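To start, the structure under review is shown below, and the notes come after it.
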Amino acid sequence: MAYDIQKIRSYFPILKRKVYTKPLVYLDNAASTQKPIQVLKAEERLHNDYYGNIHRAGHYMADKSTIDFEEVRGKVQQILNSPSREEVIFTKGTTESVNLVAYSFGERYIEEGDEIIVSEMEHHSNIVPWQLMAERKKAIIKVLPFNDNGELQLQKLDELITPRTKIIAVAHVSNVLGTVNPIREVIEKAHEKNVVVFIDGAQGIQHTSVDVQELDADFYAFSAHKAYGPNGVGVLYGKKSLLEEMPPYQGGGEMISEVTFEKTLFNELPYKFEAGTPNITGVIAFGASLDLLKEIGIENIAAWEKGLLDYATSGLKEIEGLTIYGESRNKSGVVAFNVEGIHFYDLGMLLDKMGIATRTGHHCADTVMQHYGIQGTLRISVGMYNTKEEIDLFIEALKKVIRFF
Ligand code: PLP
C-alpha cells in the first residue's frame, strides 16, 4: 500500500499553522507528537455523549465509559501481542511505569547487595527511579556502556551480570542517539541467568513493531503522548507471574477487593496497580491513536521515517563543522548534533524563529552528554507526518543560521 502522506497530514490540523509567519515544521516528535483529529474527536464524543466514572457505578454512562476504556486495554494488548489483558496496566506515562516497577519489584525482589544494571544511554526516567530504589534497599547500580557510535557494548553484559543481578533496565530506542537496541539479545542473555529485563519503550512502540511474547519481555513501558495519543496516559506491560508477586505501588480506590481496618485485600490484575480514578478521557482517546497506527501500519511508518532519517543525515553531513552523535547501524528517526563554534541554544532559537521546532539541551540524558563530554545538542526527531520538503526547509534554515554566525 502506498504511503499517503497528504491524507496522513490532513489528520493533523495543527500542521497547517504558521509560527512567526512561517509554516510550522515540527521536528520535536521524540518529546511529544501532535494529535490527530481522531483523538480530538474521541475526547469530544466522550464528553458530549456518555462520560461517567468507570468500573464503579451501575448507570448507563458509567457502563458505556467502562466498556470503551476497557476496549482500549484490548487494543494495547493487541499492539503489544500481550498474552492477556490483565498484563496491561494503565499509568500516567513511561515515567510512572518505571517508578511503579522500580518500587514494587524492588520491594518484592531486591535485597541489600543486589545489583541493578542500567545502560549508559538511558533517559533520566529510566535511571533515577532505580537509584531511589537502590538507595532504599542498599542495592548497587551497574552500568552497561555504549561505544562512540551509540551502540550498546553487549559483550560487556556477560561480565556485568553476577548472581546478585536482579534486573536490567534498558531503552528500546535511545531518545538522543536514535539507537534501536538489540533488546531481544539483552533479554536472552539476561534470561540465561534468570535476570528480569525492563524495556523502556517510550521511543519504541510508535516507530517499530513490538511483540512482547516473541521478545519474551518481562516489562515493557511506553507513553501515549509520544505515539499520537493524549498526554497523561502510559502503559506498563508486565508478565503476570511477576505482577502477581509484586505488591501494589499506590493504595486507594479500585485497587482493593475488600477493606477493613484490620486488613485490606487487593484487587486482581490489572486493577491492583491502578489506584484511583484513571485518566478516562486520555485512555479512551488513546484508542483512536492506536487505531490510526494500525490503519497506517507501524512497518509502513518505520519505512517512511527511515527515508526521512537517511535524507536528513546526508543533508547534515554536508555541513562543515557539524558532529552527529549516534550513528548506530540500526537507527530510528532521531538526529542529535552540534555545530562547531555555535551554541545549540542559539541554533535552536533562531530555527524556531523560522518556524522550525527542534529540541535543544541534554534531552534528559545527562549520561549520554557525559559520554561525549558535551553540555547538550540540538535534536531533530521525525514522526509519521513529516516530509522530505520539511527536511529541506530545516537544512536550508540551518545553513542560513550558520552563515549568520
Ligand atoms: N524514556 C525515554 C527514552 C524517553 O524519551 C522519555 C521521554 O522523552 C521518557 C522515558 C519519559 O517519558 P514520559 O515523560 O512520557 O514519562
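Taken together, the values in this text are just the output of simple stated rules run on the coordinates, not laboratory data. These figures come from a predicted structure and were not determined experimentally. Reconstructed Cβ throughout: ideal geometry from the backbone, glycine too, with neighbour counts over all protein chains shown.
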Give me the percent relative contact order of the range 83-144, please, defined on Cα pairs under 8 angstrom at least 6 residues apart. 38 percent
Highest to lowest packing among 355-363, 292-300, 273-281, scored as the average C-beta count within 10 Å: 355-363, 273-281, 292-300
Picking from 208, 260, 33, which is most flexible by a Gaussian network model of the chain using Cα springs under 10 Å? 260
Helical contribution to [θ] at 222 nm, DSSP H n ≥ 4, -39,500 (n - 2.57), averaged over the chain, rounded to 500: -12000 deg cm²/dmol
Computed over the chain: relative contact order in percent, which uses C-alpha pairs under 8 Å that are six or more apart: 23 percent
With springs only between Cα atoms under 10 Å, which of 124, 59, 225 fluctuates most in a Gaussian network model of the chain? 59
Taking a ≥ b ≥ c as the square roots of the Cα gyration tensor eigenvalues, with a/c under 1.5 meaning rounded and otherwise prolate when a/b beats b/c, else oblate, which class fits the range 72-208? oblate
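Could you work out the relative contact order of the range 203-266, using alpha carbon pairs under 8 angstrom and six or more residues apart, expressed as a whole percent?
Numbers: 55 pairs, mean separation 13.1, N = 64.
About 20 percent, as a whole number.
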Starting with the fewest neighbours, write out 21, 66, 323 ranked by other beta-carbon atoms found within 10 Å of each beta-carbon. 21, 323, 66
Expressed as a whole number of Å, what is the distance separating the alpha-carbon centroids of the range 55-79 and the range 29-44? 20 Å
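Where both partners of a DSSP beta bridge lie in the chain, what percent of those bridges are antiparallel, to the nearest 5? Numbers along the way, then the final one.
On the way: 29 of 49 bridges.
Among the beta bridges of the chain, antiparallel pairing accounts for roughly 60 percent.
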Residue 48 neighbourhood, Cβ < 15 Å, K/R = +1, D/E = -1, net charge -1
Note to self: C-alpha centroids of the range 243-258 and the range 213-237 sit apart, in Å, by 20 Å
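Let me know the charge dipole size of the chain about its Cα centre in debye, to the nearest 20, where only the beta-carbon of Lys, Arg (+1) and Asp, Glu (-1) is charged. Working shown, then result.
Values: 43 positive and 55 negative charges, 229 e Å.
Rounded to the nearest 20 debye, it is 1100 debye.
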Dipole axis of the chain (+1 Lys, Arg; -1 Asp, Glu on Cβ), positive-most option in 281, 26, 251: 26
Separation between Cα centres of the range 333-405 and the range 86-114, rounded to whole Å: 34 Å
